[in-house]
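The values are calculated or read from the model by the stated rules, or taken from the named source; none is laboratory data. Source: prediction; values computed, not measured. Neighbour counts are summed over all protein chains in view; Cβ atoms, including those assigned to glycine, are modelled from backbone coordinates with ideal geometry. Quick note on the areas: whole protein, heavy atoms, side chains included, nothing else; ligands and nucleic acids left out. Shrake-Rupley method; radii C 1.70, N 1.55, O 1.52, S 1.80 Å.
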Amino acid sequence: MRKLIWLGTLIVMTFAFILPVAANNDVAAKPQGSKGKVVIANRGSGSISVIDATTNELIGTFGLPADGNSPEPMYVTYSKRGDHVFVGDRANDYVVVFDADDFSVVATIPAGDGVFHMWSDPHDRQLWVNNDIDKTATVIDPVSLNVIATVPMPADLVADGYKPHDVVLEPRGRFAYVTMIGGTGSNDYVVQFDTDNFSEVNRAPVGKDAHVSLTQSNKYLYVPAQNSNVVTVLNRYTMGSVTDIAVPGAHGAGMAPNGKVFYTTNISGGGTDGLFAIGTKSNTILGTADTPYSTPHNIVVTKNKTLFLTHSEPTLDKVTIYDVSTSSPVPMYIGEVTVGLNPFGLAYVPGN
């Protein structure tokens, strides 16, 4: 555990009591696929669905532990060093750790009340889990599975009704960027935290209902804001504004592995112009694509140039799939997979 520096911010230190739990698997198949897998959190079914990223076919469905409340899986993150898949369970205030090979349950790690978005840095030093009821972030070591710290959100923003929502970590793991949404002000905020001492470094006002993404290919943050119909581009070091890109219903935040294209969704558009492709060199819209189902929500792009998109409604059970090749980055619909109810967050697990 890294040494914490106290800079006036209360950091609540906690070590997790890690609970081994037997998996509740609906389909006990060992996932295969040389190009990896895509894992979907089925918020309405208490399960994850695993899709083969080569064939785009469903491999299996795996239940979360049924401890206390019925599981409510939200978002998914993959850790390469531990070869684990982390799934946040909002109903039970913990993160479920799955083995990324056979999807047996390895452990559960306690988080805060209101588990929502989460993200880990590429070096697997920290996994940040936002707790929007507690107004905190739980920071986890993805390898040891210990809780490093519980980080309170800025007191002035919390007092004004803001809560943590989305989160992303800088490629070197030096900073975490948390969106604070829902407050009384005319803007939401992106808050930059130092990952050594967990203090606030800087913040920037952005549009309402803000999400966040980045790439190591440039120095920017991409912040889609649904209720402001805009993607704001920030300098992630200075937090200064670079440009605004008009996108209706801008919500989902997905980056191509090579960092050349940022994808966002028009979540409120009913499927018309449901996907937007934005070039990260020019910071302009490259094109749009319709989606066959409404409520296009979360995005992941695999290394074999395929985009997976969840459609998040209580009665929907579809993930749609698109070709996004380097030469043709604007999404082209190629198929769909039936998963559990209300597919929500998703993550790519690379092949060996």
- prompt: Has segment 151-161 got any residue that is in a strand (DSSP E or B), open to solvent by less than 10 Å² (accessible area, probe 1.4 Å) and of a type outside the set (Phe, Trp, Tyr)?
  reply: yes
query: Can we say Asn304 is within 26 Å of Val349 (Cβ to Cβ) and modelled with pLDDT under 95?
result: yes
- prompt: Which one of these does Phe262 not meet: (1) under 28 Å from Ser79 (Cα atoms); (2) not in a strand (DSSP E or B)?
  reply: (2)
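Starting from residues that are among the polar types (S, T, N, Q) and closer than 23 Å to Gly259 by Cβ, keep the ones in segment 162-207 and report whichever is most open to solvent (accessible area, probe 1.4 Å).
Looking at residues that are among the polar types (S, T, N, Q) and closer than 23 Å to Gly259 by Cβ, I get Asn202.
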field: Subset of segment 268-289 (residues that are under 21 Å from the mean Cα position of the chain (by Cα) and either in a strand (DSSP E or B) or hydroxyl-bearing (Ser, Thr, Tyr) (or both))
entry: Ser268, Leu275, Phe276, Ala277, Ile278, Gly279, Thr280
- request: Just give me the residues in segment 326-352 being closer than 17 Å to Phe276 by Cβ and either hydroxyl-bearing (Ser, Thr, Tyr) or touching a helix residue (DSSP H, G or I) at 6+ places or on another chain (Cβ under 8 Å) (or both), in sequence order.
  value: Ser328, Tyr333
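Return the only residue of Lys30, Lys37 being open to solvent by less than 60 Å² (accessible area, probe 1.4 Å), within 30 Å of Glu313 (Cα to Cα) and either of a type in the set (D, E, K, R) or modelled with pLDDT of 95 or more (or both). Talk me through it step by step, then tell me what you get.
Working: Lys30 fails: open to solvent by less than 60 Å² (accessible area, probe 1.4 Å).
Sole residue among the options that is open to solvent by less than 60 Å² (accessible area, probe 1.4 Å), within 30 Å of Glu313 (Cα to Cα) and either of a type in the set (D, E, K, R) or modelled with pLDDT of 95 or more (or both): Lys37.
Any chance you could count how many residues in segment 231-259 are open to solvent by 20 Å² or more (accessible area, probe 1.4 Å), small (Gly, Ala, Ser) and assigned to a strand (DSSP E or B)? Walk me through how you get there before you give the answer.
The initial filter retains those residues of segment 231-259 that are open to solvent by 20 Å² or more (accessible area, probe 1.4 Å), namely 235, 237-238, 240-244, 246, 248, 253, 255, 257-258.
Now drop any that are not small (Gly, Ala, Ser), which leaves 240-241, 246, 253.
After this cut, where a residue has to be assigned to a strand (DSSP E or B) as well, the list is 241, 246.
Going through segment 231-259 one residue at a time, the tally reaches 2.
Please state which one of Pro171, Pro164 is under 16 Å from the mean Cα position of the chain (by Cα), not in a strand (DSSP E or B) and not small (Gly, Ala, Ser). Spell out the reasoning first.
Numbers: Pro164 fails: not in a strand (DSSP E or B).
Testing whether each residue is under 16 Å from the mean Cα position of the chain (by Cα), not in a strand (DSSP E or B) and not small (Gly, Ala, Ser) leaves just Pro171.
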message: Suppose we keep only residues that are open to solvent by 10 Å² or more (accessible area, probe 1.4 Å), among the hydrophobic types (A, V, I, L, M, F, W, C) and part of a strand (DSSP E or B) within segment 48-75. Which one would you say is farthest from Val319 (Cα to Cα)?
response: Ile59
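When you go through Ile109, Ile148, Ile133 one by one, which is the residue that is of a type in the set (A, V, I, L, M), closer than 25 Å to Glu200 by Cβ and in a loop (DSSP other than H, G, I, E, B)? Step through it out loud before you land on a result.
On the way: Ile109 fails: in a loop (DSSP other than H, G, I, E, B); Ile148 fails: in a loop (DSSP other than H, G, I, E, B).
Testing whether each residue is of a type in the set (A, V, I, L, M), closer than 25 Å to Glu200 by Cβ and in a loop (DSSP other than H, G, I, E, B) leaves just Ile133.
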field: Options Leu346, Leu307, Leu316; residue that is surrounded by fewer than 22 Cβ atoms within 10 Å (Cβ to Cβ) and touching a strand residue (DSSP E or B) at 6+ places or on another chain (Cβ under 9 Å)
entry: Leu316
- request: Starting from segment 243-263, keep only residues that are free of Cβ contacts under 8 Å to residues at least 60 places away in the same chain and more than 14 Å from Ser213 (Cβ to Cβ), then list their pairs with residues that are among the polar types (S, T, N, Q) and assigned to a loop (DSSP other than H, G, I, E, B) whose Cβ atoms are within a distance under 6 Å, requiring at least 6 positions of separation or different chains.
  value: Thr243/Asn283; Pro248/Asn229; Gly249/Ser268
